[in-house]
1. Just to confirm the number: angle between the C-alpha axis of helix B:273-298 and the first principal axis of chain B, 0 to 90 degrees, nearest 10?
2. Arrange the peptides A:285-297, A:202-214 so that the one whose residues have, on average, the most other Cβ atoms within 10 Å appears first.
3. Averaging sequence separations of C-alpha pairs under 8 Å and six or more residues apart, then dividing by the length of the stretch B:200-270, give the relative contact order as a whole percent.
4. For the stretch B:170-304, give the magnitude of the charge dipole about the Cα centre (Cβ charges: +1 Lys/Arg, -1 Asp/Glu; no others), in debye to the nearest 20.
5. Counting partner chain Cβ atoms within 10 Å of every residue's Cβ in A:153-162, what's the average?
6. What's the lysine pair count for chain B at a Cα cut-off below 28 Å, pairs eight or more apart or interchain?
7. If packing is taken as the average number of other Cβ atoms within 10 Å across a peptide's residues, how do B:36-46, A:102-112 rank, most packed first?
8. Could you give the dipole magnitude of the stretch B:43-299 about its Cα centre, charging the beta-carbon of Lys and Arg +1 and that of Asp and Glu -1, in debye to the nearest 20?
Amino acid sequence: MEEPPTGGTDEVTRADRGVADDAGVAAQAAPATPVTPTAHSGHVGGDDGTVIATHALTKRYRGGQLAVDGLELSVPAGSVFGFLGPNGSGKTTTIRMLMGLIEPTSGTARVLGRPMPKAARAVLPHVGALIEGPALYGFLSGRDNLLRYDAADPTADPRTRRTRVAAALDRVGLAAASGKKAKAYSLGMKQRLGLAAALLQPRRLLVLDEPTNGLDPQGMREIRSLIRELASDGTTVFLSSHLLDEIEQVCTHAAVMAQGRLITQGAVAELAAGTRGRLIVTTPDTVDAARVLKEQGAGDVVITEDRVTAEPPERDLADVNVALVTAGVRVRGFGVERASLEDAFVALTGEGFDVAG
Amino acid sequence: MSRAEVIQQGGGQIGGGIARARKPSPLWTFGLFRSELLTTFRRWRTLALLAVLAAVPILVGIAVKIETGDGSGGGGGPQGGGPAFISQITNNGLFLVFTALAATLPFFLPMAIGVIAGDAIAGEANSGTLRYLLVAPAGRTRLLLTKYATTMTFCLVATLVVAVSALTVGALLFPLGDLTTISGTRISFAEGLGRALLIALVVAASLIGVAALGLFVSTLTNSGIAAMATTVGLLITVQILDQIPQLHALQPYFFSHYWLSFADLMREPVYWDDLIKNLGIQGLYAAVFGSAAWARFTAKDITA
C-alpha cells in the first residue's frame, strides 16, 4: 500500500477541496435541480464545487428511442454520489456521455469543470472509471492488463508504471493473483481488477458502475470500505448501483432516474426524509386511537389488527401521545417508522425497483 | 496513507488544476504503440498465423525437392499465374524466397492481415476493452493510428517470416550461389540477397491497402469475427473480379491488381512502371480507407 515516492516526476496537482468553492466552478453548478439545492451543504468539507454538472443532457438513439431526457445532474465535490434507477432507465447512457464515449444529442455535460466530450483528453486522466463491468484481455495476466491500460493514459509516467500497478493490485487485494491469466479470474476477481484499473493514478473522480457486482459479501464490504477510504481522501465517487441499502450505507448524495428522466437528487438523508415515515400506534383500542389521531390532524389513518398507522401530523408527537392517553386509549407502542431509501424510491417512481423502464 | 502522499496541494481551482496537471509525456504515443505490439504479438492467434505463413515455404521446398528428386530437373514451370521462379529453385535455393512470396501474396498474407486489421478495433469493442482504452484516455485518433501502425508492423513481420523461412529451407535443401535474373543476366548471390530483401519490403508494402480496408471495416462493427470475415471476403471477391476479362477497365483500381509486379525487381534493369503503380494504388487505398476509418471512429458512439 506504500505509494513510492515519485521524486517530483509525477506532477500531480489537485484542487484543494478547501478552495474548490472558486467562483468559476460554483457558477457551473446546475441551477435548476428538481430537489433542494441545500443538498450541497450536507456533506463533509462544506465546499460547493460541482464535479459533474449536466444541463438538459439528452440522448436519442438512432432508432428514435429517447434514452436520456433533459438531465440536470449536479454532483458536489467530495460527495459519494449514488446513481439509482431501474434497468433501462438511462444510467449507463448517462455515464457513457459523461465519459465522452457517446455524443449527446443535445445539452451539455461538464466534468471537473470542463465540457465533455470536448475536453476528454484533459479531464479523463483525473477520472477512474468502471463502466458496465470490467473488460479484460483474457490472454494477459492481471498485471499485464493493468500495464496496458496504464500505457493508454498519456499522463501516466512509464517510470512509475510497475510500482503503481503493484500498488493498485495490492489495494484491491489481487496482489497474489496478479500473475494469473485474466481469463482464469472469477467474476469477483475481474471486478477487482477493473477497480484496480480505475485506481492506477490518484483520481479526483471515480465513476463506478455497479462496483460490487459479482462480489461475495466479504468482497462487498471490502469495496465499500475502499470507497469510504477514497472518499475520505477527497475523491468524489459517482456510484451507480441497484442495491438500495448499499447506496444508503456509503452514499452522502443520491439521484434517482426512471425512464430517462431525473426524478430527484439530493443528500441521502433528505431524500429519505422527503418521504415521511409513518406514525405507528400499537393499542388494543384501535377505533378510539384512530379517532383521536384524526382529531390530532393525522392523515391516512389505517387500522390493522392491533396497530393504527397514519401520516404523522405537523404538531409535536409528544402532544399526540398525551391526547391518546387522555382519551383513555391504552398505548402499547408509539413511534415513527423511518422511511428507507426504498420507500422513497417507490414513492417517487410509483413502482418497484426492478421494473424495467 | 498511500495516495495522499503523491497528491500535491496546488492548482487553486478545479478547472485550473486540470490545465496544469500531469503533462503527457512526448514519448507517450510510442508507449501506447509498444503496448499495442506486445498485446498483438502475445495472442495465440497472431502466432498461429505466423506459423502457417512459415509453413508455406517449407511445404513448397519439400514438394519441389520430392518432385525433382528423381533427377528430372526443373519443376513444372510457372504455377497459378505467378512469376516463373519455381523452376529455378533446384538451381538456387534463393529462388524459394521469391516463389514463397509469390505463393503467399495472393491469399495467405492478405488473409492474415485481414484477420489482424479486422480485429483491431472491432475485437477491442467486442471484449469491451475499447471503452477502457478510450477513457484512459488513449484518444481516438491516436488509438486508430497506433492500430494501423501495428497492422503495418504485422505486414512487415509476416512477410519477413515467409522470406526467412524460405531462405532457411532453400539453403538446407538446395544449392546457393550466383543467380540468373528474369532478363537472363547473372548477378552475385549477395546482390540476389539484397533483391530478396527489397522484394520482401515491396510485398509488405503491397499489403498497405488491405490493412487500411480491414481497419475501416473494423470500425463499422462491434464484432471482431464479422470484421475479419468481411475483410477476407472482400479480398477473395476482389481477387475473383480481377480474373474477369469484362471488368478490364476497373481492374487497375483493385488493390491486388499489381501485386505480382514485385517480380519486376528481378529484371535487369528493374522495370519500375508496375511497381510504382502498385505502390500508388496502396497509397490511394490507405488515404481513402484511412480517412473513412478516422471519420467513422472519431464520430462513433461507443456502446460496447
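Values quoted throughout were computed directly from the atomic coordinates according to the rules given, and no laboratory measurement underlies them. Quick caveat: nothing in here was measured; it's all calculated off a predicted structure. Every residue, glycine among them, receives a Cβ derived from its backbone with ideal geometry; neighbour counts consider all protein chains shown.
1. 20 degrees
2. Values: A:285-297: 17.6, A:202-214: 22.8.
So the peptides A:285-297, A:202-214, ranked by packing, come out A:202-214, A:285-297.
3. Values: 34 pairs, mean separation 20.4, N = 71.
For the stretch B:200-270, the relative contact order is 29 percent.
4. On the way: 6 positive and 8 negative charges, 55 e Å.
Result for the stretch B:170-304 is approximately 260 debye, rounded to the nearest 20.
5. On the way: counts 10, 14, 8, 6, 3, 7, 1, 1, 1, 0.
Per-residue shielding by partner chains comes out at 5.
6. Values: B:23/B:147; B:23/B:300; B:147/B:277; B:147/B:300.
Close lysine pairs found across chain B: 4.
7. Numbers: B:36-46: 16.4, A:102-112: 19.7.
Result, highest mean first: A:102-112, B:36-46.
8. Values: 12 positive and 11 negative charges, 178 e Å.
Dipole about the Cα centre, nearest 20: 860 debye.
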